[in-house]
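A short worksheet on the structure shown next.
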Amino acid sequence: MTQDELKALVGQAALAYVQPGSIVGVGTGSTVNCFIDALAGIKDRIVGAVSSSERSSERLRAHGIAVLDSNAVDSIPVYVDGADEIDHHGFMIKGGGAALTREKIVADIAKSFICIADESKLVDTLGRFPVPVEVIPMAAAQIARRLRALGGDARLRVGVVTDNGCSILDVHGMALIDPMAMEREINQWPGVVSVGIFARHRAGVCLLGTAQGVKTLTF
Ligand code: 5RP
């Protein structure tokens, strides 16, 4: 199976977690695009979606799925999103698509996080994928210095402005031995909007697309 076929497979499999009559939390990325396309097939059975990016909102609306304001929603049973890396504890690196902050916000509102990914994303230790950090532009150089002091090589993602009007630093070579501690540390620096380490907001379930079909990992 190709990577695209694996993404389509897990996008479809995630429908099993969507509760009838509910509001669905929707992530961002090529795997989530497959989920959105699958969701269109059951759109009459859901109230609508809370989306984590302008791109996902556009795709949802194009399918006739209502996109709700996150501030108008008290709780969401399920948030479905992809990952750049996921480990065996459900900890993830996210933000390859620059949507990490809104992804974390929707994940925070949701009761459970269902990660959908092809098997290339499963790793023993997080950190081969550069860790994205969304920053307020005037703080970028200072945050890059702080990241360097932690052993990371922070590079500005040139030409990218997030949906929140901010910049992204991609941090190469970070050893994520303790993702929870690293997330907490980076989050508190002035100018950091959010860090793409999802440890507090880890996945509860991962639907992993493999050559043998969808494997369900629970954490
Ligand atoms: C976007 C993300 C995505 O979930 C992540 O980049 C995975 O994307 P894809 O499904 O295209 O591989 O965090 O900010």
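Here are a few things to note about the model shown:
- Per residue, the stretch 10-105 exposes 39 Å² of solvent-accessible protein surface, assessed with a 1.4 angstrom probe and all protein chains in place.
- Burial order of peptide ranges 69-76, 80-87, 108-115 (average beta-carbon count within 10 Å, highest first): 80-87, 108-115, 69-76
- Averaging 1/r across all pairs of distinct Cα atoms in the stretch 128-219 and inverting the result yields a Kirkwood radius of 14.4 Å.
- Taking other residues whose beta carbon is less than 13 angstrom from the beta carbon of residue 191, and scoring Lys, Arg as +1 and Asp, Glu as -1, yields +1.
- Heavy-atom accessible area per residue - the stretch 109-160, 1.4 Å, Å²: 53 Å²
- Close Lys pairs in the chain (alpha-carbon distance under 16 Å; sequence gap of 8 or more, or different chains): 5.
- Here the spin labels are modelled as points 7 Å beyond Cα on the Cα-Cβ line, and at residue 74 and residue 15 they lie 3.0 nm apart.
- The stretch 1-92 - percent of accessible surface contributed by carbon and sulfur, probe 1.4 Å: 47 percent
- The stretch 107-215 - percent of accessible surface contributed by carbon and sulfur, probe 1.4 Å: 53 percent
- Alpha-carbon gyration tensor eigenvalues x 5, square-rooted, for the stretch 1-115, Å: 19, 17, 13
- Sites residue 189 and residue 158 - FRET efficiency at Förster radius 30 Å, r taken between beta-carbons, to 0.05: 0.85
- Equivalent ellipsoid semi-axes - Cα gyration tensor, the chain, angstrom: 28, 20, 15
- Mean separation of Cα contacts under 8 Å (6+ apart) over length of the chain, as relative contact order %: 22 percent
- For the chain, Cys with no neighbouring Cys Cβ under 4.7 Å: 34, 166
The values are calculated or read from the model by the stated rules, or taken from the named source; none is laboratory data. Here the structure is a predicted model, which means the values were calculated and not measured. Note that we place each Cβ from the backbone using ideal geometry, even for glycine, and neighbour counts take in every protein chain shown. Ligands, DNA and RNA are stripped out before the accessible areas are found, and what is left, the full protein with its side chains, is counted by its heavy atoms. Shrake-Rupley method; radii C 1.70, N 1.55, O 1.52, S 1.80 Å.
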